[in-house]
Structures are given as C-alpha cells and as structure tokens.
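One structure is given here, and the rest of the page talks about it.
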Amino acid sequence: MMNNEKIILYENILASMNDGLIAISSDGEMFMINPAAEEILEYSREQLQGKGWGEVFFLQGGNEEFNQVILDVIYEKKIKYSKIVPYCTPSGRKKILAMNSSYLRDMADEKKPLIGMIVLFYDISEFYRLQEREKELLIKARELIQERARALEKLAQGVAHEIRNPVTAIGGFAARLLKENPDLKYLDKILQNARRLENIVTEVSNFTKLSTPRKEPCNVRTFLEDVLVYYSPLLSSKNMEIAFQCDLPEHKTLHLDKGLIKEALGILIENAMEAMEEGGRLTVRCFEEKGSVKIVIEDTGKGISENDLPYIFDPFFSTKANGIGMGLAKAKKIINDHAGYIDVESNVEVGTVFTVTLPALENSPGA
Ligand SMILES: Nc1ncnc2c1ncn2[C@@H]1O[C@H](COP(=O)(O)OP(=O)(O)OP(=O)(O)O)[C@@H](O)[C@H]1O
Ligand SMILES: [Mg+2]
C-alpha cells in the first residue's frame with residue numbers, strides 16, 4: 001500500500017469511529033483529533049489542533065478527574081489505562097466518559113523513544129443516567145417492601161395483643177367447663193380452637209421478641225453439618241433423601257448468631273419437609289459468590305404457585321390447614337438482622353429453592 005493510501009485509510013477509520021480519539025505528542029501537543037472527539041468534547045478540531053492538553057482542559061473547571069487520567073498515564077507510564085470520569089463541556093454540560101489511554105510507541109522498534117500518547121473516550125452519560133435511575137428505583141422498591149413488612153408486623157402484633165386476654169379467658173373457662181361436664185358437646189372443639197389461637201399469639205410474641213443477633217465466629221461448614229445431622233433422622237424416617245455439598249474453604253468463618261441462624265435454616269428445612277409429604281430429596285449447598293456466602297436449600301416438593309409467591313414472607317400467610325404462617329416471616333427477619341437476604345424460586349410440582357445470602361466479610365464482627 002502506498003503511503004498516501006495508508007493516510008486515506010487511517011483518516012477514514014478515524015472519521016468512522018464512534019469513540020473520540022486524540023493523539024498527543026511527547027511535548028503534550030494534540031496532533032490528531034477525530035470528528036467523534038470534537039462532538040463528545042464540544043471543541044472543534046481548530047480549537048484543539050496544535051494546542052497543549054493543559055492549555056485547553058486544565059482551565060476548564062470540573063475536569064480534574066478527566067485531566068488526571070492523562071497525568072496518570074504520563075507519570076505512571078501506563079499502557080491501556082481505563083477509567084470512567086465526569087467531563088464538563090465548555091458550555092457547562094456534564095457528561096460521563098469512559099476513557100482509555102495508552103502510550104504511543106513504535107511497534108517496529110520497541111527501543112525507540114515514546115512518540116506520545118493516545119486518548120480514546122466514549123460518552124456513556126445516557127447509560128450511566130439509566131443505571132443511576134435503576135439504582136434509585138431499586139432502593140425505592142426495597143424501601144416500600146420494608147415499609148410494608150413493618151406495617152404487617154405492627155398489625156400482627158396489634159391483633160395478637162388484642163386477642164391474648166380474651167383467648168386465654170375462653171380457653172381457661174372452656175377447660176374448667178370440660179372438667180366439670182366431660183360429655184358436653186362441642187366443648188372440646190372450643191378448647192382446641194382456643195389453644196390454636198393461643199399458639200398464634202405465642203408465635204407472634206416470639207417473633208416480636210426475636211433478639212438482636214449476638215454474633216460470634218462460626219465455621220460455616222461444620223455449623224451446617226451439625227444442623228443437617230440434627231434433621232437427618234427425621235428426613236430419612238419420612239422417606240426423604242438428603243444431600244450436602246459445601247464448596248467453601250474448610251475454615252471459612254462468618255460472624256453469626258448460631259442459635260438464630262439455626263432457627264432460620266430449621267424453618268426452611270421444615271417447610272421443605274412439609275412440601276415433600278410423599279418423599280423426595282433435600283439438597284443443601286453452600287458456596288461463596290461476590291463477597292457473600294450463599295446457603296441454598298432445595299426441595300423436590302409440591303412447589304409454590306405464582307400467585308402465592310409474593311406473599312410467603314408475610315406474617316400469617318399460610319396454605320397449610322394447621323399452619324400459622326409465621327415461619328418465613330421469622331426466617332426473613334433473622335437473616336435481615338444479619339445484613340443478609342433470602343431469595344426464592346419455585347416451580348409447582350417440581351420443587352422450591354430458597355437461597356440465603358450472608359455477607360462474607362471475614363474479621364468483621366459487624367458483618
Ligand atoms: N419449601 C416450600 N415448598 C412449598 N411451599 C412452601 C415452602 N416453603 C414455604 N412455602 C409456602 O409458604 C407458606 C408460608 O410458610 P411459613 O413457614 O411462613 O408458614 P407455614 O409453614 O404455613 O406455617 P408455620 O408458621 O407453622 O411455619 C406455606 O404455607 C407454603 O404455602
Ligand atoms: Mg413453616
């Protein structure tokens with residue numbers, strides 16, 4: 001290829017690029033500016049060509065981070081340096097740029113002195129704004145969910161408080177009457193139902209009294225093994241298999257309130273057993289992912305319908321004849337109090353997967 005053909009080729013490539021490109025000589029002079037660079041930075045080629053980077057951009061307030069990328073490349077001799085930085089146009093508009101810069105060197109002769117540097121940038125303002133908006137919406141949604149949970153908890157406490165005395169009285173008098181008239185019809189039914197209401201009151205008050213976690217270092221692997229050893233005779237007696245897979249390092253330690261976490265996992269395991277009346281398989285897995293420890297409890301039970309799924313963590317939501325519906329509300333509160341969260345996925349007639357996520361920050365008593 002002839003030299004001037006090469007130049008035409010390079011010019012065409014530069015003109016068709018969506019990324020802005022500026023080449024800077026070793027004296028700091030901008031000697032190549034493509035059209036995308038003009039558009040993104042809102043400077044014409046004439047305003048930049050032959051000028052020093054500092055001469056143009058250092059004077060523009062609000063561009064400290066943008067300029068720092070160039071300084072970092074110069075002082076630290078960085079190759080392929082990438083950073084997302086704010087940029088302020090001459091008219092004062094704020095943009096977010098993804099910048100890539102690198103030293104320019106003679107590819108044919110590595111020993112030759114550096115020719116200068118090249119700066120590539122891309123306007124990601126729109127993407128960034130959308131991401132920020134999405135984050136805001138997520139935070140808002142989480143706040144609404146928490147607010148709803150708090151309101152439901154308050155309602156549950158209020159109702160339990162109101163029925164505690166009447167229910168104790170009904171139960172007490174029914175028991176006395178039954179003692180005096182053992183054959184009186186329906187009295188046993190009244191007593192049975194009064195006991196059930198008393199249980200509900202007790203469950204709600206247990207929920208209200210859930211203590212704040214008293215965390216201590218805990219080896220997750222042995223802790224989970226202990227929990228499963230406790231449940232395994234019950235599972236096998238009900239024709240259910242149990243599988244445990246732990247991909248955590250042997251000495252992985254978390255700061256937990258063992259009693260409370262055992263209670264939360266117990267609630268999930270008991271629900272799984274109740275969903276597999278005909279037998280099935282309970283699989284417990286644990287692993288580390290993105291700074292969190294995940295404990296997955298999976299069953300092959302009857303599953304949860306799409307209609308029920310949004311409500312299963314609400315106090316008093318139960319699809320069981322004798323269920324109170326406080327189990328998952330309690331498990332969720334315990335995990336939330338450990339700065340973690342519970343997710344659920346379910347398919348009717350296939351099974352359910354509950355995933356408990358706990359922060360895995362080691363050596364952090366608050367985690
Ligand atoms: N593993 C599971 N498989 C299928 N359904 C489940 C499972 N876990 C929970 N559910 C559904 O979520 C509902 C709420 O569970 P939760 O533990 O809060 O209450 P419960 O088990 O009904 O009563 P209890 O308060 O006695 O535990 C259950 O009634 C059931 O419909
Ligand atoms: Mg339950």
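Values as computed for the structure displayed
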| read-out | value |
| --- | --- |
| Reduced Cα scattering model of the stretch 252-294, Debye log10 I(q)/I(0), q = 0.23 Å⁻¹ | -0.92 |
| Hydrodynamic radius by Kirkwood, which averages 1/r over all alpha carbon pairs of the stretch 218-275, in angstrom | 12.3 |
| Qualifying trypsin sites (Lys or Arg not before Pro) in the stretch 158-198, DSSP loop, other Cβ atoms within 10 Å at most 13 | 185 |
| Among 308, 109, 299, residue whose mean-square fluctuation peaks in a GNM of the chain (springs only between Cα atoms under 10 Å) | 109 |
| Percentage, to the nearest whole number, of Cα pairs in the stretch 227-367 over 24 Å apart | 30 |
| For the stretch 162-258, alpha-carbon Rg over 2.2 N^0.38 Å | 1.77 |
| Proportion of all alpha-carbon pairs of the stretch 143-213 beyond 17 Å (%) | 54 |
| Helix runs (DSSP H) in the chain reaching 27 Å along axis by Cα, Kyte-Doolittle at least -1.0 | 125-180, 187-208 |
| Length added when fully stretched, residue 277-residue 115, from 0.36 nm per residue minus Cα-Cα | 50.8 nm |
| Sparse-neighbour loop sites [GluC sites (Glu not before Pro); the stretch 95-159; at most 14 other C-beta within 10 Å; DSSP] | 110 |
| The chain: calculated mean residue ellipticity at 222 nm from DSSP helix runs of at least 4, using -39500 (n - 2.57) | -15000 deg cm²/dmol |
| Cα-centred dipole magnitude for the chain, charges only on beta-carbon of K, R (+1) and D, E (-1), debye, nearest 20 | 1280 |
| Top of 192, 68, 157 by mean-square fluctuation, Gaussian network on the chain, Cα under 10 Å | 68 |
| Label-point separation in nm, residue 202 to residue 76, each point 7 Å along Cα→Cβ | 6.3 |
| Cα-based convex hull volume of the stretch 9-52 per residue, rounded to whole Å³ | 64 |
| Calculated FRET efficiency for the pair residue 222/residue 126, C-beta based, R₀ 45 Å, to 0.05 | 0.35 |
| The stretch 93-252 - Debye-derived log10 I(q)/I(0), Cα point model, q = 0.08, 0.14 Å⁻¹ | -0.68, -1.06 |
| Global geometry of the stretch 3-123, whether rounded, prolate or oblate, following the gyration tensor of its Cα atoms and the 1.5 cut on a/c | oblate |
| Cα→Cβ-extended label distance, 7 Å offset, between residue 141 and residue 195, nm | 4.5 |
| Largest-first principal axis extents, alpha carbons of the chain, Å | 112, 43, 39 |
| Cα-Cα P(r), the stretch 63-174, percent of pairs per 5 Å interval | 2, 9, 11, 11, 9, 8, 7, 6, 5, 5, 4, 4, 4, 4, 4, 3, 2, 1, 1, 0, 0 |
| Whole-Å distance, taken between Cα centres, linking the stretch 152-202 and the stretch 36-50 | 81 |
| Relative contact order of the stretch 212-367, pairs being alpha-carbon contacts under 8 Å that are 6 or more residues apart, as % | 26 |
| 23 Å Cα-Cα reach of residue 238 towards lysines, excluding residues that sit fewer than 8 places from it in its own chain | 262, 302, 320 |
| Sparse-neighbour loop sites [trypsin sites (Lys or Arg not before Pro); the stretch 272-337; at most 15 other C-beta within 10 Å; DSSP] | 290, 320 |
| Unit charges at the beta carbon, dipole of the chain: most positive-side option, 73, 222, 357 | 222 |
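We did not get these values from a lab; they are worked out from the coordinates using the rules stated. Just so it is clear, the structure is predicted and the values come from calculations on it, not from any experiment. Ideal geometry is used to build each Cβ from the backbone, glycine not excepted, and the neighbour counts take in all protein chains shown.
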